[in-house]
Amino acid sequence: MTERVRLAALLTFLAGTALVAGQNPPASSPPPPQPPPAPNQGPTFRVRVDYVEVDIVVTDRQGNLVRDLKKDDFQVLEDGKAQSISAFSLVDIPVERADRPLFQPDPIEPDVKTNEHPFDGRIYVMVIDDYHTNFGRTARVKGAAKQFIERRLGANDLMAIVHTAGATAANQEFTSNKKLLLGAVDKTQGRKLKSSTANRTEEYYRTRDLRQSGDPLNDPEDAERAFNARSTLDTLRNVAEWFSSVRGRRKTILLVSEGIDYDIHDIIAQTGSNHMGASMVLDATRDAIAAATRANVSIYGIDPRGLTDLGDESIEIGSFPDDTSLGIGTGSLYNELRMAQDSLRVLSEETGGFAVVNKNDFSTAYDRIVKDNSSYYVLAYYPPDARPGRVHKIDVRVTRPGLTVRARKAHVTPKDVKAAPVNAKDVRTPEIRDALDSPLPLSGLTMHVFAAPFKGAAPNASVLFGVEMRGKDLRLANADRLQLSYYAIDAQGKVRGGNTDAITMNLRPDTKARIAEQGVRMLNRIDLPPGRYQLRFAAHDSGGGAVGSVLYDLEVPDFVKSPISMSGIALTSQAAAVRPTVRPDEQLRAVLPAPPVALRTFPQDDEVALFAEIYDNSASTPHKVDITSTVTTDEGKVLFKTEEERDSSDLGGKTGGYGYTAKIPMKDLAPGPYVLTVSARSRVSPNPTVQRQVRINVTGR
């Protein structure tokens, strides 16, 4: 598998030269790869990697989660034989709420991302099954998916959205940004075929004058129905395989689907029947379950129809044939419903989840799903038979009476997979490659990352980014190298741009002392066309071995099409300027007193300076543009405000941008959280406006 496919694996399954400060990379081979750090609450294995990991939900008779069990309270049997539990932990994850100013209905998405704290949330992939969603019920599917995102997704959670059909751009990489997730849900479009009963009824009326006694009554769309079923199951398998690199925590697939509507029980087709796909669909079902059990992934099947009387399907048919020997009627419709719901039950129960079917109220079920993924036990053992490709039954029990245990029922030992060859020109360390490939951010080397898009050479924007790293995470010995690698994934799952920068720590003693105390800042730019991206950053200190990574969601506006638009906001301050910066940004040197920073917490004796560009595309009509900066308390009280007026004549009758700077003293602000807002308003009718907001905090001197 190529590096590009691996880096954008979730999306692609479903649908340069190093810049070095100090000296060139040494010719010697890179250090051996280190395993990525495990989540802080998960089990750790240091000798072998062929262990079996099982997460377990234990409830009492009232359905309450049981949190006080010990390792000795559990028994694990593989193929009926007791196993020694090598690692055990209780995972108890809080549900965090987004930081929202009281005067705004929605949270402000932070413009700085960090891995300062290890990831401690739930991790979901929501698979929206367009292939098995009736077009007329698309809105209901969207509603069920949005209800979970809006009401159950915590600020400390990550979720990805995958559609089984449609353009790859409809999918969404892992993010906690609800706006992006809801946007992906809105791209849902049901593509479910008519029911087999409806198709066979139409076929009967179309051919009844030509039929002979004993002729099979076929579904004309049987082959396409089998293809759709396999496609959905293959999507589940691919997501589960992609999930396998995440260890030490519960991993969940939320399958929003009306269920697989292909009859897998009629394996041997009678003479003249076109029902030929049952064995392939059955194999695809087994493969999906095997992949999920191998990766320790739980599936929760969610039928958005709720309680149904199949009214839509009955209306679609009109009247059934009088010949009851054909097996077509209301009974066959209900058989199809039962078969589809059973497919959700099997996928869920075999992987340690549960199916949500025949329920109009999703709230209780969603609460259960969140609880399952918030408090659970993780145990692991080394399997007695590690031969690849073998299926083994797992039975988890507790010694305390009256408790219910839910866990996966089997595991499949992974098959031997040859490592993909590494391009000889790839200067990145193995640790960097693994970190960039990880679905989750790694926190071994603390990073703070900001990104701000500015207008660039058409059709691209010039995205300024900065990565700040703590000095105490770096060894800083002579000849040690700090490597930073980055790239962007677009909405189609393609890698756009990217590079690898490095610093060799052959530094003067005073510079080394400053980095040890203040850390280091690395700035650069990447050219990207308008669109939605996920930026991935990874850093590796070759001397100390620390590795860190950050995922950053970025929307690059089209600065040409809108009447008025705004770049990102670059901030700096007197206090933050002391951190050493590798290669300062030349374009901002003339407009900011110091390099742009990722710091968003400032002391009262500091002064913040900001820079933004306002792009005016109505310059052919003489007018003025009002630009305002405010600092507002969480209660909505404005404590600082500055206003400027710009004239379109400054642009000479052409479209262009106004460079805007402002300085904000912190001395008049009490310690606490604030919202910094920069807005621009054109006086050309209909007076379009644009604004950006940044969360900042003020501390005492």
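The values are calculated or read from the model by the stated rules, or taken from the named source; none is laboratory data. Fair warning: this is a prediction, and the values are worked out from it, not measured in the lab. Note that we place each Cβ from the backbone using ideal geometry, even for glycine, and neighbour counts take in every protein chain shown.
Taking the residues in segment 33-74 that are in contact with a Ser or Thr (Cβ under 6 Å, 6 or more places away or on another chain) and of a type in the set (A, V, I, L, M, F, W, C) as candidates, determine which candidate is modelled with the highest pLDDT. Among them, the one singled out is 65. All of 344, 333 fail the test of being hydrophobic (A, V, I, L, M, F, W, C), touching a helix residue (DSSP H, G or I) at 6+ places or on another chain (Cβ under 6 Å) and in a helix (DSSP H, G or I), apart from 333.
Does residue 643 fit the bill of being in a strand (DSSP E or B), among the charged types (D, E, K, R), touching a Phe, Trp or Tyr at 6+ places or on another chain (Cβ under 8 Å) and modelled with pLDDT of 95 or more? No, not satisfied.
Of everything listed in (1) assigned to a loop (DSSP other than H, G, I, E, B); (2) more than 30 Å from residue 374 (Cα to Cα); (3) touching a helix residue (DSSP H, G or I) at 6+ places or on another chain (Cβ under 6 Å), the single unmet condition for residue 308 is (3).
Where residues in segment 103-138 are assigned to a helix (DSSP H, G or I) and among the charged types (D, E, K, R), which of them is modelled with the lowest pLDDT? Among them, the one singled out is 137. Within the option set 337, 379, 344, being buried (at least 16 other Cβ atoms within 10 Å of the Cβ), outside the structural domain of residue 158 (by TED's automatic domain parsing) and hydrophobic (A, V, I, L, M, F, W, C) holds for one residue only, 379. One residue stands out in segment 605-640 among those that are assigned to a strand (DSSP E or B) and charged (D, E, K, R): the one that is nearest to residue 664 (Cα to Cα), namely 607. Among 649, 679, which is over 37 Å from the mean Cα position of the chain (by Cα) and in the same structural domain as residue 596 (by TED's automatic domain parsing)? Criteria check complete, one pass: 649.
Scanning segment 351-373 for residues that are within 25 Å of the chain's Cα centre (by Cα) and either polar (S, T, N, Q) or outside any helix (DSSP H, G or I) (or both) turns up 351, 352, 353, 354, 355, 356, 362, 363, 364, 373. Scanning for something touching a helix residue (DSSP H, G or I) at 6+ places or on another chain (Cβ under 7 Å), surrounded by 15 or more Cβ atoms within 10 Å (Cβ to Cβ), outside the structural domain of residue 265 (by TED's automatic domain parsing) and charged (D, E, K, R), does segment 386-399 turn up at least one residue? No, the conditions are met nowhere in segment 386-399. Being within 16 Å of residue 521 (Cα to Cα), at pLDDT 95 or above and in a loop (DSSP other than H, G, I, E, B) holds for only one residue in 597, 550, and it is 597. For segment 139-176, filtering for residues that are part of a helix (DSSP H, G or I) and aromatic (Phe, Trp, Tyr) leaves 1. Taking every residue in segment 90-107 that is within 26 Å of residue 635 (Cα to Cα) and surrounded by 12 or more Cβ atoms within 10 Å (Cβ to Cβ) and pairing it with any residue that is among the β-branched types (Val, Ile, Thr) and at pLDDT 85 or above, at least 6 positions away or on another chain, the pairs with Cβ-Cβ distances below 6 Å are 101/675. For segment 667-694, a residue qualifies if it is more than 12 Å from residue 565 (Cα to Cα), of a type outside the set (A, V, I, L, M) and buried (at least 19 other Cβ atoms within 10 Å of the Cβ), and exactly one does: 674. Scanning segment 87-109 for residues that are small (Gly, Ala, Ser) and over 20 Å from residue 375 (Cα atoms) gives a single hit, 98. With respect to the stated conditions, residue 176 fails to be crowded, with 17+ Cβ neighbours inside 10 Å, of a type outside the set (Val, Ile, Thr) and outside the structural domain of residue 239 (by TED's automatic domain parsing). Number of residues in segment 436-460 that are within 22 Å of residue 584 (Cα to Cα), aliphatic (A, V, I, L, M) and in contact with a Lys or Arg (Cβ under 6 Å, 6 or more places away or on another chain) equals 1.
If you check residue 151 against the conditions, is it under 17 Å from the mean Cα position of the chain (by Cα) and more than 30 Å from residue 569 (Cβ to Cβ)? The answer is no for residue 151.
Okay, residues lined up against (1) buried (at least 20 other Cβ atoms within 10 Å of the Cβ); (2) in contact with a Cys (Cβ under 6 Å, 6 or more places away or on another chain); (3) at pLDDT 85 or above; (4) not in a loop (DSSP other than H, G, I, E, B):
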position: 246; (1), (2), (3), (4): yes, no, no, no
position: 253; (1), (2), (3), (4): yes, no, yes, yes
position: 276; (1), (2), (3), (4): no, no, yes, no
position: 283; (1), (2), (3), (4): no, no, yes, yes
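The set of residues in segment 555-576 being closer than 30 Å to residue 604 by Cβ and in contact with a Pro (Cβ under 7 Å, 6 or more places away or on another chain) consists of 567, 568, 570, 571, 572, 575.
Restricting attention to segment 597-638 and to residues that are touching a helix residue (DSSP H, G or I) at 6+ places or on another chain (Cβ under 6 Å) and surrounded by 15 or more Cβ atoms within 10 Å (Cβ to Cβ), the residue that is farthest from residue 658 (Cα to Cα) turns out to be 599. Candidates in segment 255-274 are the residues that are modelled with pLDDT of 95 or more and β-branched (Val, Ile, Thr); of these, the one that is surrounded by the fewest Cβ atoms within 10 Å (Cβ to Cβ) is 256.
Residue 229 passes every criterion in (1) modelled with pLDDT of 95 or more; (2) outside any helix (DSSP H, G or I); (3) farther than 16 Å from residue 351 by Cα apart from (2). Within the bounds of segment 191-200, is there any residue that is surrounded by fewer than 21 Cβ atoms within 10 Å (Cβ to Cβ) and closer than 16 Å to residue 254 by Cβ? There is no residue in segment 191-200 that is surrounded by fewer than 21 Cβ atoms within 10 Å (Cβ to Cβ) and closer than 16 Å to residue 254 by Cβ.
May I ask you to list the residues in segment 325-345 that are of a type outside the set (Gly, Ala, Ser) and under 13 Å from residue 309 (Cα atoms)? Once the filter is applied, which keeps residues that are of a type outside the set (Gly, Ala, Ser) and under 13 Å from residue 309 (Cα atoms), segment 325-345 yields 330, 333, 334, 335, 336, 337, 338.
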